Every structure is written in C-alpha cells, then in structure tokens.
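First the structure, in the form of structure tokens, and then the observations on it.
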C-alpha cells in the first residue's frame, strides 16, 4: 500500500484525525528507509539496547515432567510467545545455571535466529519464570534510549526483515548471527516519540488483528459447513423425504432404504502403486506421477489409464484422498482403487474422505494403511445414477463455498498487507502519529 493511500486510510479511531507526513525530512543514508524525519537518527540496533544481543544455552537440557517452562523457536507464534508450544520443563537447578548467561525479563524482545521461522519476533509479556534455548536471540531495550514496543515494531518492519533475510546464511537450515543482527540499522526517534509510535501501532494492529480473527473464524465455519454438506450427501443422499433404514454400521447410522451396504473390495481392488524414487521424477513429461500427496512429478511410463481414486498410504498423508484421470503412474505411497464394479469416482472419493481413513492406520516407524484392511470396510452404495447426481451436487456446493473462501482470503491478505505497511510507515517516519492518543476507555483498561 503506497504512502499516499496509507495516509488517507490511517485515522485515530477516537478523534478521526488524519495522519500526515512530518513537516521536514532528510536523507537517511539507507536506501531501504529512504527519507526520515529531520530530527530522527539512523543507528545500528545494538546502540538502542541495554546489553549485547545474547541467546539461551546451546546444550540440550534434561526435560522433566514439571518445573520451569523451556521454550524455543516454535513458541514464537503470531508475534507472541505461545507457552503451549514449549519444549518441556527444566529443573530449578538448570534454570539457575542457564540464567547466569541470560534470565528472561518482562519487556525483552526475541527474534528467531535459526530454522524455518528465522526473523519471527515476540515480546516477553509475563513476569513468570521460564527460560529459552539457543535459536532465540534476545534484544533488551535500554530504558533510557528505547522502548520494547518500538524495538518490536522495528523488527516487524519490512526494511529490517529484508535486512535479516539478506544477511542470513544456510547450513542445515537458515540462520543469522547475533553480531549480524546487532549491526543492522534502525530508525531512531526520540524516546517519547518511540512510546507514542508503539502505542499507536499496538492500538491499530489490535484492531486489524480482531478483524482478521473474525474472518478466520468465518473460514472455519465455512470449512465445517463444507464438510457437513459433503458428509450428508454421500451418506444420506439428497432427498430428505426418502424412506431410511438402519445400515448396521455404527458410524453410518441410517441410510436411504434402497441403498446397498457392501465391503469396499466388492467394488474395487485395492493395491499399492509401483515403486519409484524421487530421483526418477521429471519437472515435465508425458505421464504424471501421483503419490499420497497428489502430483509429485512426471515419468516416461504409466501404470494406470482411466479415472481412479487414490488413498495416501503412509506418514502424515495417511488416508489423504486424491483423484487421477487419464494415463498416470501411481507411486508406492498411494493405494489405488481399481474398479471391479461401476461407480462414480467423485462420489467414492468424497465418501472415503468423510470416513477419515487415517483412523485405521497402523503405527510402525510411521503410520501406514493396509490395502487389505481398507478393502474390508463396509460402505453405503447408492445406485450409480444417484452417485453421479450426488457428485454433481457436491461440485455445486463446494464451488459456491470455495468462492466465498477466496473472497475472504483476499480480504485477509489485504488486511495483512495493510498491517505490515502501517508498521513500516510508522517506524520509518512516513506518517506523523505524534498527536495520537488512546481513546479514554482503552486508556483505563491499559493503564488503570
């Protein structure tokens, strides 16, 4: 979102004040920041901190059933510390030992410095005892120079994140050194101005986050509706007035009286696909290769020709349902339902998805499904013309819901883009928020 449009969109919720640029600017000397307010500085972030950037222990602690929470990179989630994602608990003795290097303090700011989420940040917003592991870098703002909120939002800004991204290195995973972080430059307004900017961004991002949360809740409801509509269609049919009978299957309950019940192997022969290594895949080719997660690449040969349902056979994709049409190669990670009786592919696939086949997996080194066992499962079997009608109705239901989902996801993306632009424009001085004041009611909540 451009600066002009951002200035027009950003208003104080209480006073409807429009935030304009600062009266005077100067060249920051840093391309990513552009011009900054005339009275601001540009400094390496280390000069805003009370102590050198540090981290937690590099050794693996002994975890116990109860004790002091011990967190790492996975606890930095959605700009907050999620203690439900802790690695485990450590003893008071280990906590005391680790605290000689670093002891968490309210107001510290953490940045993930290694792993897939490198660059993610969170503030310490608890006085409770806990400790951290080495993937977290600690930035402790100097109380006479900087504020937790401003440092946090600087780390969230696009220019700072891009600097982190450009500076990280790769070993077994991406990472960035604490010395490198220390020397990344940041805009540096006077302390009272930092406090106002942080208060403004806390207020505004909370409003945006609430809107995003509502939209995500709506997505969850649409997903539930989608699942319920499909499940009802493939197990109860489309006519609510049709006579019903007990299916004799506990999970299924009643089905239309004219439907049959039979084992899956009576309508199809279930067999795992053929062995193929990932090295054999090509990016393009004549025949697609399907595994438990759908399309995996292309190959010069095919194993099947026609419309098929494929079931994920192993690991996290155990029970996953995919469709294949035409000539394709089925890998050993998929169970293929080879028809021995006429049926509608889409109807069967959605029925199997409804049945949650993963619950029938057998744990070994990783979860796995047995084609023989899946074949013995009892399923309802409507007449084929009814299967076709059900499949068409499912396509109609899902296309409508998927359209709604696409609109909501687009709105969420725009809100997230606006949130990011707002943070960047505020901490780099593109908008002047010095007159921002929290609405009185919220001041009482925050400071009363």
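If I ask for residues that are without any contact (Cβ under 8 Å) to a residue 60 or more places away in the chain and either touching a strand residue (DSSP E or B) at 6+ places or on another chain (Cβ under 7 Å) or assigned to a strand (DSSP E or B) (or both), which ones from segment 368-394 would you list?
Across segment 368-394, the qualifying residues are 368, 369, 370.
Within the bounds of segment 360-371, is there any residue that is closer than 30 Å to residue 270 by Cβ and buried (at least 19 other Cβ atoms within 10 Å of the Cβ)?
Yes; the residues of segment 360-371 include at least one that is closer than 30 Å to residue 270 by Cβ and buried (at least 19 other Cβ atoms within 10 Å of the Cβ).
Got a sec? Which of 295, 317, 279 is within 29 Å of residue 224 (Cβ to Cβ), out of contact with any strand residue (DSSP E or B) (no Cβ under 7 Å at 6 or more places or on another chain) and without any contact (Cβ under 8 Å) to a residue 60 or more places away in the chain?
Unique residue meeting the criteria: 317.
Of all residues in segment 416-437, how many are surrounded by 15 or more Cβ atoms within 10 Å (Cβ to Cβ) and either assigned to a helix (DSSP H, G or I) or outside the structural domain of residue 228 (by TED's automatic domain parsing) (or both)?
Matching residues across segment 416-437 total 10.
Being over 20 Å from residue 174 (Cβ atoms) and either in the same structural domain as residue 178 (by TED's automatic domain parsing) or out of contact with any helix residue (DSSP H, G or I) (no Cβ under 6 Å at 6 or more places or on another chain) (or both) is the requirement here; does residue 117 meet it?
The answer is no for residue 117.
Give just the number: which of (1) at pLDDT below 95; (2) not assigned by TED's automatic domain parsing to the domain that holds residue 200 does residue 47 not satisfy?
(1)
All but one of (1) loosely packed, with under 15 Cβ neighbours inside 10 Å; (2) in contact with a strand residue (DSSP E or B) (Cβ under 7 Å, 6 or more places away or on another chain); (3) not assigned by TED's automatic domain parsing to the domain that holds residue 373 hold for residue 252; which doesn't?
(1)
Looking at segment 249-265 only, could you name the residues that are in contact with a helix residue (DSSP H, G or I) (Cβ under 9 Å, 6 or more places away or on another chain) and within 19 Å of residue 339 (Cβ to Cβ)?
If the condition is that a residue be in contact with a helix residue (DSSP H, G or I) (Cβ under 9 Å, 6 or more places away or on another chain) and within 19 Å of residue 339 (Cβ to Cβ), then 259, 263, 264, 265 are the ones that fit.
If I filter segment 88-111 for residues that are in the same structural domain as residue 167 (by TED's automatic domain parsing) and closer than 9 Å to residue 73 by Cα, do I get at least one hit?
Looking through segment 88-111, at least one residue is in the same structural domain as residue 167 (by TED's automatic domain parsing) and closer than 9 Å to residue 73 by Cα.
Is it the case, given these coordinates, that residue 216 is over 30 Å from residue 145 (Cβ atoms) and in a helix (DSSP H, G or I)?
yes
Any residue in segment 366-388 that is modelled with pLDDT under 95 and farther than 30 Å from residue 253 by Cα?
Yes, there is a match, as at least one residue in segment 366-388 is modelled with pLDDT under 95 and farther than 30 Å from residue 253 by Cα.
Criterion first (part of a loop (DSSP other than H, G, I, E, B), surrounded by 12 or more Cβ atoms within 10 Å (Cβ to Cβ), touching a residue at least 24 places away in the same chain (Cβ under 8 Å) and under 40 Å from the mean Cα position of the chain (by Cα)) does residue 238 satisfy it?
For residue 238, the condition - part of a loop (DSSP other than H, G, I, E, B), surrounded by 12 or more Cβ atoms within 10 Å (Cβ to Cβ), touching a residue at least 24 places away in the same chain (Cβ under 8 Å) and under 40 Å from the mean Cα position of the chain (by Cα) - is met.
Do we have any residue at all in segment 184-193 that's under 30 Å from residue 31 (Cα atoms) and without any contact (Cβ under 8 Å) to a residue 60 or more places away in the chain?
Scanning segment 184-193 turns up at least one residue that is under 30 Å from residue 31 (Cα atoms) and without any contact (Cβ under 8 Å) to a residue 60 or more places away in the chain.
Kindly indicate the residue of segment 48-86 that is in contact (Cβ under 8 Å) with a residue 40 or more places away in the chain and exposed (fewer than 14 other Cβ atoms within 10 Å of the Cβ) and also nearest to the chain's Cα centre (by Cα) among those meeting that condition.
80
Quick check on residue 171: is it at pLDDT below 95 and either within 15 Å of residue 81 (Cα to Cα) or in contact with a helix residue (DSSP H, G or I) (Cβ under 7 Å, 6 or more places away or on another chain) (or both)?
Criteria not met by residue 171.
The values are calculated or read from the model by the stated rules, or taken from the named source; none is laboratory data. The structure displayed is predicted, hence computed values, not measured ones. Positions of Cβ are generated from backbone atoms using ideal geometry, with glycine treated the same way; all protein chains shown enter the neighbour counts.
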